[in-house]
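Notes to accompany the following structure.
The values are calculated or read from the model by the stated rules, or taken from the named source; none is laboratory data. Here the structure is a predicted model, which means the values were calculated and not measured. Cβ coordinates were reconstructed from backbone atoms using ideal geometry, including for glycine residues, and neighbour counts include every protein chain displayed.
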Amino acid sequence: MDTSYRDYYVSELGPEMDGKEVRIAGWVHEVRNIGKIVFLILRDHSGLAQVIAKEGTASEKLMKEMNLPKESVIAVRGKVKKNSESKYNGIEIEPSELMVLNPLSSQIPFEVTGKVPADIEVRLDNRHIDLRRLETTSVFNIQSTILNSFRSTAIKAGFNEIRTPSIVEAATEGGADLFGINYFEKTAFLAQSPQLYKQLAVVGGMDRVFMVVPVFRAEKHNTVYHLNEITQMDMEMGFADHNDAIAMLKKVVKNILADVSKRNADDLRRLGIELKKGKIIEITYKKAVSKLNSNGIKIEFGQDFNREHEEMLCGLLGEMVVVKEYPSSIRAFYSMPNQKDKEICNSFDMLYKGLEISSGAQRIHLPDVLIQSITARGLDPSNFDFYINAFRQGAPPHAGWSLGLERLTMKITGMSNIRECSMFPRDRVRLKP
Ligand code: ATP
Ligand code: MG
């Protein structure tokens, strides 16, 4: 990847380049001075390379004189030398020139090499340094593939990407969990879901839309799988029910796993993850309840699953499970009642390795049914006028879902804390950096 400072990333160097002069640039990962030879490990975002300066060379003098502290930014010009014993791509670099692009003028708060493990809070306080850890880099390399894969599957399936506002006048799902903001003379809110807008796009005739959207949840949890600002990957499709939406969700998730396996093989290896091919089990809520009951768990129809139940279902059924047709009473008011059984609705969740990663439903497109559902929850339909009225003016049946980017990244990368999977996470206490 050539720029004015470099010709290659270190991962692009190999024994077949023996004798070639190259320029590489990055950070000083480690320096070892063993008398006659100075070993310098240079790190760029792709990996590590070993630069070896032999006794009596100008580079040796330079490296010794400079006494380069770890994390100094350097550029090296040198010859690639094949060395089958080198664990750095089977090569080393014999430098002819070494430039310091930025010397350190402040101490690094923790070891980027990982030799001394650092607390996650310290790493997050100094995320610009934490990102230099190759494991952290790998998490975000994988996240980039997830986003790209989602977009590419969506586009191939005829969906158009849309943008919806983050500043909204009122809640779409009841008012509890929103952050209020000053909006000139009024109070406005940060959207906790693009739900209403993507539905309006479909009602507007766009038929198939998708988006990658930040959403904000003023929930006071303190868990390893909740954040207060997250990124959702959303889809909404017209003339469709929940089974159509589930089919799209499965396709998206399967392609994401396949693309990550293909494009991020080095990242997965670095993180010690072997991704299984996404076999996805589908089960109704009712059957899932009996499954839990027959495995000694006391849960009745009408109770929502907790994390323990979700973990157990994945343990019993498989890594990826879609649970569908939940009781209406435990789902959002806009979930379409099932034709055959009015107690359940056409909603679903996808669980991956014991954690909910996605929720979706066929939406109610019939105003009278919507009013009934709102009233049944003790809410006042007049507060939902705008929403209900949109369905009076030619709304087709439609369905869609949201897939949490950070949760999916967490489960794919094997991280135990969702904060690892948001570059600059926002939780109850963290607002910085
Ligand atoms: P949970 O019950 O697990 O808190 P939810 O059902 O309230 O999640 P949804 O409204 O269904 O969440 O949001 C869609 C998806 O967005 C979820 O399946 C999840 O992947 C992700 N998500 C929602 N809330 C959070 C959060 N606070 N932190 C991280 N991811 C979230
Ligand atoms: Mg949900």
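Can you tell me how many residues in segment 378-433 are among the charged types (D, E, K, R), within 16 Å of ligand 1 (Cβ to nearest atom) and not in a helix (DSSP H, G or I)? I'd like the intermediate steps shown before the answer.
Restricting attention to segment 378-433, the residues satisfying the condition of being among the charged types (D, E, K, R) are 380, 385, 392, 406-407, 411, 419-420, 426-428, 430, 432.
Those left that are additionally within 16 Å of ligand 1 (Cβ to nearest atom): 406-407, 411, 419-420, 426-428, 430.
Filter once more, so that each one left must be not in a helix (DSSP H, G or I): 426-428, 430.
Within segment 378-433, residues that are among the charged types (D, E, K, R), within 16 Å of ligand 1 (Cβ to nearest atom) and not in a helix (DSSP H, G or I) number 4.
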Open item on the list: Cβ-Cβ distance below 7 Å, separation of 6 or more or different chains: which pairs start in segment 200-215 with a residue that is over 17 Å from residue 334 (Cβ atoms) and end on one that is at pLDDT below 95 and part of a loop (DSSP other than H, G, I, E, B)?
Closed with: 211/194; 213/194
Open item on the list: I'm trying to understand the selection: among the residues of segment 10-39, which are within 14 Å of residue 76 (Cβ to Cβ) and free of Cβ contacts under 8 Å to residues at least 40 places away in the same chain?
Closed with: 31, 38, 39
- [ ] Determine the pairs where a residue that is on the phi < 0 side of the Ramachandran plot and in contact (Cβ under 8 Å) with a residue 12 or more places away in the chain, located within segment 409-421, has a partner that is of a type in the set (Asp, Glu) and not in a helix (DSSP H, G or I) with Cβ atoms under 8 Å apart, the partner being 6 or more residues away or on another chain.
- [x] 419/427
Open item on the list: Considering only residues that are crowded, with 24+ Cβ neighbours inside 10 Å and either near ligand 1 (Cβ under 10 Å from one of its atoms) or among the charged types (D, E, K, R) (or both), which ones fall in segment 362-373?
Closed with: 363
- [ ] Looking only at segment 345-379, count how many residues are away from ligand 2 (no atom under 16 Å from the Cβ) and among the small types (Gly, Ala, Ser).
- [x] 3
Open item on the list: All but one of (1) of a type in the set (D, E, K, R); (2) assigned to a strand (DSSP E or B); (3) under 31 Å from the mean Cα position of the chain (by Cα) hold for residue 70; state the number of the condition that does not hold.
Closed with: (2)
Open item on the list: Taking the conditions exactly as written (touching a Leu at 6+ places or on another chain (Cβ under 9 Å) and aromatic (Phe, Trp, Tyr)), does residue 159 satisfy them or not?
Closed with: no
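For (1) over 17 Å from residue 319 (Cβ atoms); (2) touching a residue at least 40 places away in the same chain (Cβ under 8 Å); (3) of a type in the set (Gly, Ala, Ser), each residue gets a yes or a no:
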site: 244; (1), (2), (3): yes, yes, no
site: 270; (1), (2), (3): yes, yes, no
site: 280; (1), (2), (3): no, yes, no
site: 283; (1), (2), (3): no, yes, no
site: 287; (1), (2), (3): yes, no, no
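Could you go through segment 249-257 and let me know if any residue there is in a strand (DSSP E or B) and either under 20 Å from residue 421 (Cβ atoms) or more than 15 Å from ligand 2 (Cβ to nearest atom) (or both). Don't jump to the end; show me each part of the working.
Going through segment 249-257, the residues in a strand (DSSP E or B) turn out to be none.
No: segment 249-257 contains no residue that is in a strand (DSSP E or B) and either under 20 Å from residue 421 (Cβ atoms) or more than 15 Å from ligand 2 (Cβ to nearest atom) (or both).
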- [ ] Could you please find all residues in segment 268-327 being over 27 Å from residue 362 (Cβ atoms), within 23 Å of the chain's Cα centre (by Cα) and of a type in the set (A, V, I, L, M)?
- [x] 268, 271, 273, 275
- [ ] Pairs only if they're at least six apart or on different chains, beta carbon under 7 angstrom, first in segment 355-379 and farther than 30 Å from residue 318 by Cβ, second part of a strand (DSSP E or B) and more than 16 Å from ligand 2 (Cβ to nearest atom); list them, first residue then second.
- [x] 365/398; 369/337
TODO: Search segment 39-62 for residues being of a type in the set (A, V, I, L, M, F, W, C) and more than 40 Å from the chain's Cα centre (by Cα), and hand back the single one that is nearest to residue 14 (Cα to Cα).
DONE: 53
Open item on the list: As an exercise: evaluate residue 31 against (1) part of a strand (DSSP E or B); (2) modelled with pLDDT of 95 or more; (3) under 23 Å from residue 113 (Cα atoms) and give the number of the one condition it does not meet.
Closed with: (2)
- [ ] Would you check if there is a residue in segment 292-310 being in contact with a strand residue (DSSP E or B) (Cβ under 6 Å, 6 or more places away or on another chain), of a type in the set (A, V, I, L, M, F, W, C) and either modelled with pLDDT of 95 or more or farther than 17 Å from residue 407 by Cα (or both)?
- [x] no
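Being surrounded by 17 or more Cβ atoms within 10 Å (Cβ to Cβ) and modelled with pLDDT of 95 or more narrows it down to one residue among 397, 433; which is it?
Working: 433 fails: surrounded by 17 or more Cβ atoms within 10 Å (Cβ to Cβ).
It is 397.
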Task: Subset of segment 326-351 [in contact (Cβ under 8 Å) with a residue 24 or more places away in the chain, buried (at least 24 other Cβ atoms within 10 Å of the Cβ) and either assigned to a strand (DSSP E or B) or acidic (Asp, Glu) (or both)] - done: 335, 347, 348, 350, 351
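With 182, 141, 160, 148 as the choices, which residue is loosely packed, with under 12 Cβ neighbours inside 10 Å and either without any contact (Cβ under 8 Å) to a residue 40 or more places away in the chain or at negative phi (or both)?
Numbers: 141 fails: loosely packed, with under 12 Cβ neighbours inside 10 Å; 160 fails: loosely packed, with under 12 Cβ neighbours inside 10 Å; 148 fails: loosely packed, with under 12 Cβ neighbours inside 10 Å.
Unique residue meeting the criteria: 182.
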Open item on the list: Looking at 220, 198, can you tell me which residue is surrounded by 22 or more Cβ atoms within 10 Å (Cβ to Cβ) and not in a strand (DSSP E or B)?
Closed with: 198
